[in-house]
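Trainee: Structure in structure tokens, see below.
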Amino acid sequence: MEMVLVTLIGESQAKAGNRFYYLGPSLECRECRFKNVCFNLEVGRMYEITELRDVHHECEMHEGGVRAVVVVKVPMRVCVERKYAIDGSKITFEHAKCSEVGCTNWSLCHPFFVKDGDKLSVVEILDNTECSVGEKRAIVRAE
């Protein structure tokens with residue numbers, strides 16, 4: 001059984017289906033008694049709200065307070081070497097070794113919040129793509 005991931009989000013953003021990027025803890029929240037619930041997500045990852053809970057708290061950072069919500073990680077699109085594009089596989093991500101910033105796949109080959117060495121699971125193979133420097137690459141959804 002998969003573990004439910006509960007966090008707190010501003011009341012005005014607390015709607016099932018809303019997506020957001022978790023950008024990390026705010027310094028203003030260091031002393032808050034709820035910080036462990038707010039800071040339990042992975043920095044740089046997108047989450048989707050799947051369920052609203054009845055729990056509401058006042059919050060110094062959010063006008064109208066915060067609501068407890070259940071979230072799931074949204075798989076991200078990344079571009080990897082084709083030999084690693086295997087549905088269900090676990091990979092160690094490496095940014096493409098190129099400097100072709102104008103390439104249409106640049107943001108997928110160099111995702112902002114993914115570092116070299118991060119472990120990802122391939123959940124879907126979307127497409128093979130041609131690399132401007134000749135590498136065999138594929139676009140996948142990974143988490």
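Trainee: Which residues, taken from the stretch 109-132, are part of a loop (DSSP other than H, G, I, E, B), surrounded by 13 or more Cβ atoms within 10 Å (Cβ to Cβ) and without any contact (Cβ under 8 Å) to a residue 60 or more places away in the chain? Please lay out each step first, then the result.
Mentor: Going through the stretch 109-132, the residues part of a loop (DSSP other than H, G, I, E, B) turn out to be 110-118, 131-132.
Applying the additional criterion that residues be surrounded by 13 or more Cβ atoms within 10 Å (Cβ to Cβ) yields 110-111, 113-114, 118, 131-132.
The answer is H110, P111, D118, C131, S132.
Trainee: Among the residues of the stretch 90-108 satisfying the criterion of being open to solvent by 60 Å² or more (accessible area, probe 1.4 Å) and β-branched (V, I, T), which is farthest from V74 (Cα to Cα)?
Mentor: It comes out as V101.
Trainee: Scanning the stretch 75-89 for residues that are assigned to a loop (DSSP other than H, G, I, E, B) and touching a residue at least 40 places away in the same chain (Cβ under 8 Å), which turns out most open to solvent (accessible area, probe 1.4 Å)? Even if it seems obvious, please write down each step before you answer.
Mentor: Going residue by residue through the stretch 75-89, those that are assigned to a loop (DSSP other than H, G, I, E, B) are 75, 85-89.
Going one step further and asking which of them are touching a residue at least 40 places away in the same chain (Cβ under 8 Å), we end up with 75, 85.
On the way: P75: 43, A85: 17 Å².
Within the stretch 75-89, the match that is most open to solvent (accessible area, probe 1.4 Å) is P75.
Trainee: Of the residues that sit in the stretch 3-27 and are in contact with a strand residue (DSSP E or B) (Cβ under 9 Å, 6 or more places away or on another chain) and part of a loop (DSSP other than H, G, I, E, B), which one is modelled with the lowest pLDDT? So that I can check it myself, show each step before the final result.
Mentor: Step one: filter the stretch 3-27 for residues in contact with a strand residue (DSSP E or B) (Cβ under 9 Å, 6 or more places away or on another chain), giving 4-11, 13-22.
Among the residues that remain, those that are also part of a loop (DSSP other than H, G, I, E, B) are: 4, 14-18, 22.
Numbers: V4: 89, A14: 97, K15: 97, A16: 97, G17: 97, N18: 97, Y22: 93.
It comes out as V4.
Trainee: Any residue at all in the stretch 59-70 that is of a type outside the set (A, V, I, L, M, F, W, C) and under 17 Å from E143 (Cβ atoms)?
Mentor: The answer is no; no qualifying residue exists.
The values are calculated or read from the model by the stated rules, or taken from the named source; none is laboratory data. Predicted model, so just to flag it, every value in this text is computed and none were measured. Backbone-built Cβ (ideal geometry, glycine too); neighbour counts: all protein chains shown. Just so you know, the surface numbers come from the protein's heavy atoms only, side chains and all, with ligands and any DNA or RNA stripped out. Shrake-Rupley method; radii C 1.70, N 1.55, O 1.52, S 1.80 Å.
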